[in-house]
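Peer 1: Take a look at the following structure, please.
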Amino acid sequence: MSGPSAAPVIAIDGPTASGKGTIAAGVAKRLAFNYLDSGSLYRLVSLEAQVAGVELDDEPALIAIAGALRPEFVDGRIRLDGQDVSDQIREEGIGAAASRLAVLPGVRQALVDIQRRFRTSPGLVADGRDMGTAIFPDAKLKIFLTADVQSRAERRHKQLIEKGFSSNITGLSRVLRDRDNRDANRAVSPLRAAEDAIVIDSTHLSIEQTIEQVLGAWKAIAGGAVRG
Ligand code: CDP
């Protein structure tokens, strides 16, 4: 559904480890909107491919996995085939493979409907790479969230350590740059700011300050109620 009565969407796109997930979840909570972490779908395909021993260049097999994906999102956790895989899909190896299979047009296409089904009343905050450009081009508010590579590497490092994974900052900066290049240079739905997106550089902003900037932009558009 994307007609005039469709639930409003706030699209938050940006490069890897820019804090999109934390900001998008925070904004969704304050507005009591639904939340879509689109990257988790690519990560789920990546995990399923690993479990099934499917190679990352086997597009037909990956499309079949993407098309059959039936994840359950409950209370901030993700279950697949009855198993909680929320932490497992955050592993860097799964993320790196997700970024490789995300270049495949057929895989992206197979994930379009599942993403659009998250658009329900009273509204949706969706985070990813192509929310404002491809999946929800009619989003009421489009944010492009960036931060410099060094601070993104530090944030990701902290996040991985907190989850009990091993991590090394120098290696991470290199991985993030590779990921940026792959996302920005793929033929289908490359990472770029939508023409009508508001760009927020969060390098020197706290999580709360960034959330406030997004909410400020939303209030200016929708004038809607925001929870304190
Ligand atoms: O955590 P990180 O920002 O690196 O990634 P993510 O948002 O969890 O997404 C994992 C991978 O899926 C990314 O590296 C992207 O290549 C890909 N992705 C995409 O192509 N399109 C999206 N809408 C979301 C993620």
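The values are calculated or read from the model by the stated rules, or taken from the named source; none is laboratory data. For clarity, every value in this text was computed on a predicted model and none was experimentally measured. Methodologically, a virtual Cβ is constructed for each residue, glycine included, from the backbone with ideal geometry; neighbour enumeration extends over all protein chains shown. Areas reflect the complete protein model, heavy atoms only, side chains present, ligands, DNA and RNA absent. Shrake-Rupley method; radii C 1.70, N 1.55, O 1.52, S 1.80 Å.
Peer 1: Please calculate how many Å² of accessible area the chain carries per residue, with a 1.4 Å probe and no DNA, RNA or ligand atoms counted.
Peer 2: Working: 10950 Å² over 228 residues.
Ligands and nucleic acids excluded, the result is 48 Å² per residue.
Peer 1: For the range 54-71, take each phi angle, set θ = phi - 60°, evaluate the Karplus expression 6.51 cos²θ - 1.76 cosθ + 1.60, and give the result in whole Hz per residue in order, putting x for glycine and proline.
Peer 2: My calculation for the range 54-71 gives 8, 6, 6, 10, 8, 4, x, 5, 5, 5, 4, 5, 4, x, 9, 5, 10, x Hz in order.
Peer 1: For a protection proxy built on the mean count of beta-carbon atoms within 10 angstrom, sort 83-90, 24-31 highest first, please. Walk me through the numbers on the way to the answer.
Peer 2: Working: 83-90: 15.2, 24-31: 21.1.
Going from most to least packed, we get 24-31, 83-90.
Peer 1: At a 10 angstrom cut-off on C-beta neighbours, averaged per residue, how do the peptides 7-13, 217-223 rank from highest to lowest?
Peer 2: Numbers: 7-13: 25.7, 217-223: 13.7.
Those peptides, ordered most packed to least, come out 7-13, 217-223.
Peer 1: Let me ask another. Heavy atoms only, probe 1.4 Å: what % of the accessible area of the chain goes to carbon and sulfur, would you let me know?
Peer 2: 50
Peer 1: Quick one: which residues, 5 or more positions from Ile12 or on another chain, have an amide H under 5 Å from its amide H? H modelled 1.01 Å from N in the peptide plane, none for Pro or chain starts.
Peer 2: Placed amide hydrogens put Ala126, Asp127, Gly128, Ile143 under 5 Å from Ile12.
Peer 1: Please report, in cubic angstrom per residue, the volume enclosed by the convex hull of the alpha-carbon atoms of the chain.
Peer 2: On the way: hull volume 28.3 nm³, N = 228.
Normalising the Cα hull of the chain by residue number yields 124 Å³.
Peer 1: What does the C-alpha gyration tensor say about the overall shape of the range 1-126? Classify as rounded when a/c is under 1.5, otherwise prolate if a/b is larger than b/c, or oblate. If you can, show how the numbers build up before the last one.
Peer 2: On the way: a/c = 1.81, a/b = 1.53, b/c = 1.18.
Prolate, because a/c is 1.5 or more and a/b exceeds b/c.
Peer 1: Here's something else I'd like to know. Just subtract the alpha-carbon distance of Val199 and Ser167 from 0.36 nm times their residue separation and send over the number in nm, one decimal.
Peer 2: Values: separation 32, 0.36 × 32 = 11.52 nm, distance 2.92 nm.
The Val199-Ser167 span can extend by a further 8.6 nm.
Peer 1: Moving to a separate point now. Suppose every Lys and Arg Cβ carries +1 and every Asp and Glu Cβ carries -1, with no other charges. What dipole size does the chain come out with about its Cα centre, to the nearest 20 debye?
Peer 2: Details: 29 positive and 29 negative charges, 98 e Å.
Here the size comes out at about 480 debye.
Peer 1: Positive end of the dipole of the chain, charges at C-beta (+1 Lys, Arg; -1 Asp, Glu), about the Cα centre: which of Val214, Leu47, Gly132 has its Cα farthest in that direction?
Peer 2: Of the listed residues, the answer is Val214.
Peer 1: Distance between the C-alpha centers of the range 21-84 and the range 96-153? Whole Å please.
Peer 2: Using only Cα atoms to place each centre, the spacing works out to 12 Å.
Peer 1: What ³J(HN,Hα) values, in whole Hz, does the Karplus curve 6.51 cos²θ - 1.76 cosθ + 1.60 give for the range 123-135 when θ = phi - 60°, with x put for Gly and Pro?
Peer 2: Rounded to whole hertz, the list is x, 9, 10, 10, 10, x, 10, 10, 4, x, 9, 10, 7.
Peer 1: For the chain, what is the percent of antiparallel DSSP beta bridges, rounded to the nearest 5?
Peer 2: Counting only bridges with both partners in the chain, antiparallel ones make up about 25 percent.
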